[in-house]
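The values are calculated or read from the model by the stated rules, or taken from the named source; none is laboratory data. Computed from a predicted model, the values in this text were never measured in an experiment. As a convention, Cβ positions derive from the backbone with ideal geometry for all residues, glycine included, and neighbour counts pool all protein chains shown.
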Amino acid sequence: MARKMVFIDTSLCTGCKACSVACKAWNDLPAEKTKRIVSYQTQADFTPTTWTYVQFRENYKNEKMQFNMIKLQCFHCADPACMKACSSDAIYKTETGYTLIDQDKCIGCGYCTKNCPWEVPKTDSKINKTSKCTGCIDRVEAGMKPACVQTCQPGALQFGDYDEMMAVAQARLAELKLSNHKANLYGDQFMGSTTYLYLLEDTPYSYGLHPNPVSPISLTIWKDLVHPLGGIAIGASAVAIAGGVVANFVMGNYAKRAKKIAESHNEGGK
Amino acid sequence: MSPSFGRGAMTNSWQDMQNSECFLIAGSNCAECHPIAMKWVNRARAKGAKVIVVDPRFTRTASQADIFAQIRPGTDIAYLGAMINYYIENKLYDEYYVKNFTNALYKISKDFAFNDGLFSGFDPETKKYDYSSWAYQLDAENKPIKASSLDDPDCVFQKLKTHFSRYTFEVASKITGIPQEKIKLIADTFAAAKPGNIFYALGMTQHTTAVQGIRCYAIIQLLLGNVGKAGGGIQALRGEPNVQGSTDMANLNANLPGYIPYPTNQEKTLHDFAMKNGSVQHKPLVALLKAWFGKNATAENEYGYQWLPKNNPSNMPIQPQFFNKMAEGQFKLLLNWGSNSTVSIPDRKLVARGLSALEMLVVADVFLTETAQFWREPGLNPAEIPTEVIFLPAAFVYEKAGSMTNSSRLIQWKEAAIPPLNGVHPDLDMLDHIFKKVRALYAGSNDPKDEPILKANWDYGDHEADPLKVLQELGGYNDVTGKPIASIGEYLAAPVGTVSTGCWIYTGVTPEGQNLADRRGNADPTGLGLNKDYAFAWPGNIRVLYNRASCDAYGQPVDPRRKLIWWDPAQNLWVGNDGPDVADKTKGPDTPEGKQAFRMNPEGVGRLFAATYKSGTLATPPESIAAVPIRGAGMTVDGPMPEFYEPIESPTPNLLHPNVQNNPLAKIVSTDFGNPDEYPYVLTTYGVVEHFCAGAITRNIPWLNEIAPEPYAEISRNLAHKIGVKEGDEVEVSSARGKLVVRALVTDRIQTLKINGKDQETIGMPWSWGFASLSPGPSTNNVTMNACDPGAGTPEYKCCLVNIRRA
Amino acid sequence: MAKVVYRFSKGERFVHWLHGVSFLLLLFTGLGVLTVALQPLSNIFGGIQVSRNIHRVVAVIFTIGIIIGFVGKGEGARQMRRWVRDVLNFGKDDFAHAKNFAIEFFGGHKPFPPQGKFNGGEKLNSMFTILGTICIAISGYIMWFAPSMPQFLVQWAYPIHSACALFMAALLIAHFYLGVLHPDSNQALKGIFTGWVPAKFAYEHYEKWYQEEAEQTLKEV
Amino acid sequence: MMEVTRRGFLKLSGLSAAVIASGLGFNLEAKAAQGRVLKLAGTTKIPSICHFCSGGCGLLLHIKDGKLIHLDGNPDNPINEGTLCPKAASLAQVAYSPDRPKNPLYRAPGSDKFVDITWEEAYDRIAKKIKEVRDKTWVSTEEIINATTGAKETVTVNRAEGICMIGSAEVDNEESYLLSKLARLIGTPFHEHQARI
């Protein structure tokens, strides 16, 4: 199955939150107790049972209201930091370009969470499992659209093969650019290009998005430096003591030792 | 709309919105309250359509707009009037359309006048109009006299011109708070991109000037020639899933099913009824009586006309007035099906007072509503409430078979998907059981008063009522053939008394062996979203009403990209992609019938001026009986042309006529009113996308409570600063009628307006909460105004005066 | 009969073993989370989740226990504080001792200046241990409470925690060798159990300390 | 993810295949070999209509063994083409809501609680009350002033003055119609509903 893309055209989003409900309905996720946070937003962040939600930002400038509503979920990076961070080989990529967490393998260590630039995966500490958007892989592999895409009434979400959708996104960007020079695509230039691609009407910052998401350098140091070097250190240490034992043996130090100790028994320090 | 076009319904369909070039969305927050609209609006936008949104708040719909204007609630007529004035003054109207498809050329009676906010015929005593001066000049044949040009001072067009000349951009701006340039921009944009489409919903209707606001839309669309065309028209986005169907079925005191005017005590006989309402209403009433009384309805007994209870025009309470009638002791028993008045009625303390005075309240609903538990509301003492309450748990929509009619008159059938939870009953079974029990209690009675029950035709199955049998009763039967009616044409052609139908506009929905509401053909060969083989739209499966107006004098489509219907000279027939909305498909475009684009109006044209008029008479009236007119015009009770009146509670005097501040005919139910000194802010109320109406269902759905857990008061930054409130702080909102405490939502989406030179603040609050359910919350209707439009009876939820302070 | 001197107080020995045993437990319960290849290790403890829980409990002992070892007026705590002072006081003599580490390690011998209670090599080991312990503890707590910690802090805690664990493990292996397997230095082994080490051994390895302090405790057993 | 056997994955009964007739928007046969079990496998698809605004969006209910497995938009409905708003998308939670009352409830005058009653008893009480109030408040004639002639007249009006009814815009046409019919047959023209509000 070819690589897929979900194209999120924020200029068409009306913030109805149907995507969030459809996600819960399809994935049998329970509702959570919430409070209104700001504007019409009630879901503050991802949780083990909230895999997608809509963030609201109101920017009023020059007597013009820019009501930025954006659906957030896992970006399904082509080069996902979470996968690299995973302690249990639970995170894997699919042909469709999705980044998934194998719930059988996941131990809930949460290493993926903080290494994800957007901190998407969330761990349920009761069951020690980390979860996030699955891209509705079960639906997609059955030839259906993800639940959020299917439900979206204003047409802000589109789903299809990566290349086709990229063309749609580029065309839509070009169209929007005619009247709005700030329009930009978000997702194709980092993390190996993401499977969920956004069209924004303003800077990522004004949507509360990470302006330049990268796989953290600490992660590279951790996995590509510390682990091999640590392994080498332990190995070297082990080799060294083996060498030490052999050397001492060869030099007869073990034999001398018994004598020395026997002598020393009756001696004082000096 | 009915007084303008002849039918009160949404003219086009949801799918048809993709054909528009411009949208004026004013009085509708469709992205939230009718989200499906955005699917089709965005289709049109992808093709370059422009969106104009006018609203007291920058809503989620406004986020999609090319032009947004913030308006003071309740002042729409002022800027719409200015648009009308601008179109007339600058000749931006479609002259061919105006001359041929509207009554612009018709001459108005010399007696007609308008002075200082009042039309001629006003009776200050009864606060009602005598319509007789709002008439046409008639010729000997009872036909309106047409002027030769639009410049004739007597003609409708000139009346319109004079009337709206007072509505300048300057005046409109002072009243509405919208800058003059922006009103002009809106007017220019809407006139330039055709077909233009207007959406409205409760934002337009929940005013004491509701009908006249819609009349403004009708006038604009008639002037621009946008009615009857794909992508044009006026979309009344109706509130509930089957509100079109339930009004079709006359769950209103002034109608019988199919919009038959309800007989009053003035119409002693069936003939009196026909005289008053025209033969066009006589036939469906007879068909209805035959459906209700079967073989017991005969020509000899006026088809059972006497069995119908008659209205007393001086005691015809509308729903918001019901509760006063309970408190006054008239009503002792309320049967309440699937509505939640305790949350939804404005100035809601009136509701508990009324319900407490009943002997019995019966409530049927899916969840236990606030209304069923009104006696449990904190602050009330159940021991002092003598009302017996019976609650009947009802089956949910997918647990029962039946049909619903959506906003665009589309009757869709569904089968039961799962059995009702816990074996609860569908409302249909409840009604069937109750009627049968009542009938059994009266069995053997000889009292004439019990005849309607004992003679009724009521047989929908032995144990569980069969909804298909009911739909077939609506679809109708032909007594001559003994078969179900095959089409509305068959009904129209049949002589009076030979057909029966429970709702004549639904005739043809169930031809023999078929259920057209259950059709699933979703092909759209024209790409216009007509989907003719999907379900069934009344009347006669027409998808775009008045589509005759999309054709020229030769009956050919004026817009080659949006062809709906046309005259085919080869077949001598109106044909097309849509069902032709013509009086007679065989009458060509040059015949009187073939010219009529608005055949439900007695004039056959769209009514810029809602004149009183009855068309024609039956050629040979039966002996000793007066001749019956054919068709009467739908009237607007508060004036033949729209006029701006301030809301009942308003922060400012009426700039146009200070002596007539409010709609003089408004039905005022509330008894407590506030003044701008004590209550300086304008409150507007609304629904949200996450909850539905009074929340009886949605506040019991955890997923929805998660995304909208609580009500709030939206206020501008200026107001927040003034009262010392930050985002999320608790505030107390109060009016002369009550108060409530919610958290503040401080936003730039509401700005301080300049009204007649003074700063004016607007407060916005959703209203879907009540004291019960999984997610209880304070009810905004504690503070709202119970004063209703004189025609539609819609209460003025959208504006009242309040104060706000830190709680 | 053998002559011995008193080298480690009860408190020191307790803290040493507390640290050592808990470090080993932490290491083996942690390795399974460090990399999937070592996940089977956690089966020793009854599975990965049990391991993780043990890791947390032991982490508390590991940190709180050691801190307690430094607190108070007792001899043990005094000696612990002195150890830290000594370790941080790394001088020329210490350096002279430490530079011969490799030779000693592989059984050779080179003279070195008299050493204090802790010789240069031990001081280095102690320094690494102190530094490692502090870093691994702080990074560990950051990881434990990751959801409420700033993202960059957690991101850096991971490599630091891993690095500390792995290098401390390497150090431990060497420490084990010197304490147990090395024919010369393993004479000190008894000391960490009983507190007493052979006087001759003490004199040879810690001459300065012997002269100044240990000799006073000289006794025969 | 769900590691389950592939057998029986996405098999449709003949009935459901007939119900969904044309392009549901997904190909159920082709993707049977992917290894993940779709929860819709083996469900019967029954179209319905949304209960909220007047859009008339099509719902699709996926039923297995008489139980609702999933509810989403009906891709075959030309109005919504499978899309739904949040309210419609949440409707599965009504099907088995523990908060829905199981029996008719009765609250006696002055009582502070509801008690369960049987359907039979509920209907009996309602019917008797209708008869009682109808008989008690019946107005068979009233005096009017004829608007055309100005004369006083007595006319038959046949009204049960004490009964009023509030119908619903959230029930089916058939139910709406019977509401209207029932009200007028028992003699009350005082029949309204929330279309106005």
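Numbers for the structure displayed
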read-out	value
Strands (runs of 3 or more DSSP E) within the range A:2-109 that include 3 or more residues touching a residue at least 60 places away in the same chain (Cβ under 8 Å) and hydrophobic (A, V, I, L, M, F, W, C)	A:4-9
Cβ-Cβ under 6 Å pairs, at least 6 apart or on other chains, the range D:165-182 side more than 7 Å from every other protein chain (Cβ to nearest Cβ), far side part of a loop (DSSP other than H, G, I, E, B) and modelled with pLDDT of 95 or more	none
B:Arg717 vs. criteria within 27 Å of A:Ala31 (Cβ to Cβ), basic (Lys, Arg) and either in contact with a Cys (Cβ under 6 Å, 6 or more places away or on another chain) or within 12 Å of chain A (Cβ to nearest Cβ) (or both)	no
So C:Ser139, is it buried (at least 16 other Cβ atoms within 10 Å of the Cβ), among the polar types (S, T, N, Q), in contact with a helix residue (DSSP H, G or I) (Cβ under 7 Å, 6 or more places away or on another chain) and farther than 26 Å from C:Lys92 by Cα	yes
First in the range B:44-57 and closer than 17 Å to B:Ala230 by Cβ and assigned by TED's automatic domain parsing to the domain that holds B:Cys800, second anywhere and among the charged types (D, E, K, R) and crowded, with 24+ Cβ neighbours inside 10 Å, Cβ under 8 Å, 6 or more apart	none
Hits in the range D:138-161 - residues which are surrounded by fewer than 24 Cβ atoms within 10 Å (Cβ to Cβ), part of a loop (DSSP other than H, G, I, E, B) and touching a strand residue (DSSP E or B) at 6+ places or on another chain (Cβ under 6 Å)	D:Asn146
Hey, A:Cys109 in the same structural domain as A:Gln43 (by TED's automatic domain parsing), within 17 Å of the chain's Cα centre (by Cα) and closer than 20 Å to A:Phe7 by Cβ or not	no
Helices (runs of 4 or more DSSP H) (entirely within the range B:341-458) containing at least 3 residues that are more than 30 Å from B:Ala291 (Cα to Cα) and of a type in the set (Phe, Trp, Tyr)	none
Some residue of the range C:9-16 being in contact with a strand residue (DSSP E or B) (Cβ under 7 Å, 6 or more places away or on another chain), farther than 29 Å from A:Gly108 by Cβ and surrounded by fewer than 19 Cβ atoms within 10 Å (Cβ to Cβ)	no
Any hit, the range A:196-217, residues being within 9 Å of chain C (Cβ to nearest Cβ), of a type outside the set (Ser, Thr, Tyr), closer than 30 Å to A:Ser88 by Cβ and without any contact (Cβ under 8 Å) to a residue 12 or more places away in the chain	yes
One residue from B:Ala147, B:Ala69, B:Ala65, B:Ala140 being within 26 Å of B:Gly606 (Cα to Cα), touching a residue at least 12 places away in the same chain (Cβ under 8 Å) and among the small types (Gly, Ala, Ser)	B:Ala147
Residue identified as surrounded by fewer than 21 Cβ atoms within 10 Å (Cβ to Cβ) and more than 10 Å from chain D (Cβ to nearest Cβ) among B:Glu377, B:Glu359, B:Glu370	B:Glu377
Test: residue in the range B:39-49 that is within 14 Å of chain A (Cβ to nearest Cβ), in contact with an Asp or Glu (Cβ under 7 Å, 6 or more places away or on another chain), under 29 Å from D:Gly82 (Cβ atoms) and among the basic types (Lys, Arg)	no
Per-region count, the range B:112-127, residues touching a Pro at 6+ places or on another chain (Cβ under 7 Å) and under 15 Å from B:Pro658 (Cα atoms)	1
Residue in the range B:259-284 that is nearest to B:Trp538 (Cα to Cα), counting only those that are under 22 Å from the mean Cα position of the chain (by Cα) and part of a helix (DSSP H, G or I)	B:Pro284
Search result, residues across the range B:565-584 that are touching a Leu at 6+ places or on another chain (Cβ under 7 Å) and closer than 11 Å to B:Arg548 by Cα	B:Gly576, B:Asp578, B:Asp581
Within the range B:282-310, considering residues that are in contact (Cβ under 8 Å) with a residue 60 or more places away in the chain and under 24 Å from B:Gly616 (Cβ atoms), the one nearest to the other protein chains (Cβ to nearest Cβ)	B:Leu288
Matching helices (runs of 4 or more DSSP H) fully within the range A:118-184 where at least 2 residues are of a type outside the set (Asp, Glu) and away from every other protein chain (no Cβ under 11 Å)	A:162-177
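Table: residues versus (1) within 14 Å of another protein chain (Cβ to nearest Cβ); (2) surrounded by 24 or more Cβ atoms within 10 Å (Cβ to Cβ); (3) in contact (Cβ under 8 Å) with a residue 12 or more places away in the chain.
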position: B:Ala201; (1), (2), (3): yes, yes, yes
position: B:Thr208; (1), (2), (3): yes, yes, yes
position: B:Asn226; (1), (2), (3): no, yes, yes
position: B:Gln235; (1), (2), (3): yes, yes, yes
position: B:Pro241; (1), (2), (3): yes, yes, yes
position: B:Ser246; (1), (2), (3): yes, yes, no
position: B:Asn251; (1), (2), (3): yes, yes, no
position: B:Pro261; (1), (2), (3): yes, no, yes
position: B:Gln266; (1), (2), (3): yes, no, yes
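Let's see how each residue does on (1) over 20 Å from B:Gln235 (Cα atoms); (2) modelled with pLDDT under 95; (3) at the interface with chain B (Cβ under 7 Å from one of its Cβ atoms):
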position	(1), (2), (3)
D:Ser54	no, yes, yes
D:Leu59	yes, no, yes
D:His70	yes, no, no
D:Gly73	yes, no, no
D:Thr83	yes, no, yes
D:Pro86	yes, no, yes
D:Leu91	yes, no, no
D:Val94	yes, no, yes
D:Arg100	yes, no, yes
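Conditions tested, residue by residue: (1) touching a Lys or Arg at 6+ places or on another chain (Cβ under 8 Å); (2) closer than 30 Å to A:Gly110 by Cα; (3) assigned to a helix (DSSP H, G or I).
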residue	(1), (2), (3)
C:Pro111	no, no, no
C:Gly116	yes, no, no
C:Gly121	no, no, yes
C:Ala174	no, no, yes
C:Leu178	no, no, yes
C:Asn186	no, no, yes
